[in-house]
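Here is the structure we will look at, set down as structure tokens.
The values are calculated or read from the model by the stated rules, or taken from the named source; none is laboratory data. Note that the structure is a prediction, hence the values are computed from the model and not measured. Don't worry about glycine lacking a Cβ; one is built from the backbone with ideal geometry, like all the others, and counts go over all protein chains shown. Surface areas here come from the heavy atoms of the whole protein model, side chains and all, with no ligands, DNA or RNA. Shrake-Rupley method; radii C 1.70, N 1.55, O 1.52, S 1.80 Å.
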Amino acid sequence: MVRSKNLSAAAIIISTFANEKSLRDIAYELIVNAKLCACVNYTKVRSLYWWENKVNEEEEFIAFFKTTKKKAKELRNMIEKQHPYDVPELLEISIDKTSKAYLDWLIGSTSIT
């Protein structure tokens, strides 16, 4: 395991989306064109949440955008800008321990060539 507290460390940005298409559209843009994340894992979930003075229950898609700390702020900004929700969920988890091989892959996958 590599322990790092610098900008080369890993980060995961978590967000939810109303449908798979909006998630995939943003994910492809962020991976392929912007190179802001190396990988996006997602799955369908049921969400219970408070919104507009009532409890709502919806099917959503939760996504885990894997990136470097160096790219995390720009990634959050791009997701927020393109997100279909008025108040998108944007949570950042800093990863200070990961394998060197995985960290090298993250850095390489988010570098413009």
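Can you find even one residue in region 71-93 that is part of a strand (DSSP E or B), within 17 Å of the chain's Cα centre (by Cα) and among the hydrophobic types (A, V, I, L, M, F, W, C)? Outline the logic, then answer.
Taking region 71-93 as the starting set, the residues that turn out to be part of a strand (DSSP E or B) are 91-93.
So of that shortlist, the ones also within 17 Å of the chain's Cα centre (by Cα) come out as 91-93.
Narrowing further to those that are among the hydrophobic types (A, V, I, L, M, F, W, C): 91, 93.
Yes - at least one qualifying residue is present in region 71-93.
Are any of the residues in region 102-112 polar (S, T, N, Q), open to solvent by less than 80 Å² (accessible area, probe 1.4 Å), touching a residue at least 24 places away in the same chain (Cβ under 8 Å) and closer than 15 Å to Ser22 by Cβ?
no
Give me the pairs: first residue in region 50-71 and more than 28 Å from Trp105 (Cβ to Cβ), second residue surrounded by 21 or more Cβ atoms within 10 Å (Cβ to Cβ) and modelled with pLDDT of 95 or more, beta-carbon distance under 7 Å, and six or more apart or on different chains, which are they?
Qualifying pairs under 7 Å: Glu60/Phe17.
Which one is surrounded by the fewest Cβ atoms within 10 Å (Cβ to Cβ), of the residues in region 21-49 that are under 18 Å from Thr110 (Cα atoms) and among the polar types (S, T, N, Q)?
Asn33
Test Lys81 against the stated conditions and say whether it is out of contact with any Ser or Thr (no Cβ under 6 Å at 6 or more places or on another chain), loosely packed, with under 14 Cβ neighbours inside 10 Å and of a type outside the set (Ser, Thr, Tyr).
Considered against the rule, which asks whether it is out of contact with any Ser or Thr (no Cβ under 6 Å at 6 or more places or on another chain), loosely packed, with under 14 Cβ neighbours inside 10 Å and of a type outside the set (Ser, Thr, Tyr), Lys81 comes out as yes.
Could you check, for region 17-28, whether at least one of its residues is touching a strand residue (DSSP E or B) at 6+ places or on another chain (Cβ under 6 Å) and assigned to a strand (DSSP E or B)?
Within region 17-28, one or more residues are touching a strand residue (DSSP E or B) at 6+ places or on another chain (Cβ under 6 Å) and assigned to a strand (DSSP E or B).
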